[in-house]
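Below is one structure, written out as structure tokens; comments come after it.
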Amino acid sequence: MYAYREAVTGDVAVKGKTSATRIVVSTFGALVAFAGIQHGVGEILQGPVAPAGLAFESWPDVKAFEIFDGEPAMTLIPNLLVTGVLAVVVALALGIWSVMFVERRHGGLVLIGLSVILLLVGGGFVPPLMGIILGIAATRIGAISRRPPGGVARVAARVWPWALGAGVAGNLGLFPGLVVLGWLFGVSDPNLMLGLTAVSFAALLLAPVAARARDRVTETDATEAGR
């Protein structure tokens, strides 16, 4: 219904379905869902037992996950099987919302809400944080820019696909990349993990900013072309 927002002044808004910001949010949102499901599966495999406390490990005593300290998470539910099922369900809902509906009115707020729920039902700590950052970025999908983009914005607009690509590569390098390396070859390099983590978070912060700059440039160019 809310494919894009439109200003009564006649300014041009970038359609939500095609905006660079939406593409970034949807792509990273799918990665967040993937990570949340991974936490949930580890919890389901532990069975209907109570966690050691509010915080626990999603994958305890699994060598491939030692580099991640067993994938810490938290839950308000005193049953890991139920926690894991809920983590998978909420993560799937978050992924579907990110890919199909996030451009709707209040789409960013819904994404933030799902991220908070994911935190409370065993979806880990990093995936919900990523989801909250993406939810904030999603509030700008289709928003009207009142000022024309300057030189810095136009430069940033050119790098958003590269930032997005780096973020995807970094996240997939962490999981399943490092887990597969650990599982098959016993590789456990903390420096590699730190490097991939730094790339992933830098890209997560840069890509939405650069994508929003791309949308502002598109709005301005379309407006000027229509005059």
Q: May I have the extent of the alpha carbons of the range 39-161 along their three principal axes, as whole Å values ordered from largest to smallest?
A: 56, 30, 21
Q) Where nothing but the Cβ of Lys and Arg (+1) and of Asp and Glu (-1) is charged, how large is the charge dipole of the chain around its Cα centre, in debye to the nearest 20? A) 1140
Q: Take each of the peptides 108-115, 198-205, 47-54, average the number of other beta-carbon atoms within 10 Å over its residues, and list them starting from the highest.
A: 108-115, 198-205, 47-54
Q | Using distinct alpha-carbon pairs, which all enter the 1/r mean, Kirkwood radius of the range 31-93 in Å | A | 11.3
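In square nanometres, what is one fourth of the surface area of the convex hull spanned by the alpha carbons of the range 154-219?
Details: hull surface 17.3 nm².
Projected area, direction-averaged: 4.3 nm².
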Q) In the chain, which whole DSSP H runs stretch at least 30 Å along their own axis (Cα) and average 0.0 or higher on the Kyte-Doolittle scale? A) 20-46, 190-225
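Of the listed peptides 177-187, 25-35, what is their order by residue-averaged count of other C-beta atoms within 10 Å, with the highest listed first? Numbers along the way, then the final one.
On the way: 177-187: 14.5, 25-35: 23.6.
Going by the mean number of other Cβ atoms within 10 Å, highest first, we get 25-35, 177-187.
Order of 68-81, 127-140 by packing, highest average Cβ count within 10 Å first? It would help to have the intermediate numbers written out before the result.
Details: 68-81: 18.4, 127-140: 23.1.
Order by mean packing, descending: 127-140, 68-81.
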Q. Projected onto the charge dipole of the chain (+1 at Lys/Arg Cβ, -1 at Asp/Glu Cβ, origin at the Cα centre), which of LEU80, GLY122, VAL90 gives the Cα projection farthest towards the positive end?
A. VAL90
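What share of Cα pairs, in percent, lie more than 29 angstrom apart in the range 20-225?
Values: 6166 of 21115 pairs.
Every Cα pair in the range 20-225 considered, those over 29 Å come to 29 percent.
Listing SER58, SER145 from the residue with the fewest other Cβ atoms within 10 Å to the one with the most, what is the order?
On the way: SER58 29, SER145 22.
Sorted ascending by nearby Cβ count, the order is SER145, SER58.
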Q) Which one of ALA137, VAL49, LEU194 has its Cα pushed farthest toward the positive end of the charge dipole of the chain, where Lys and Arg give +1 and Asp and Glu give -1 at the Cβ? A) ALA137
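Only the coordinates and a few stated rules stand behind these numbers; no lab work does. Source: prediction; values computed, not measured. As a convention, Cβ positions derive from the backbone with ideal geometry for all residues, glycine included, and neighbour counts pool all protein chains shown.
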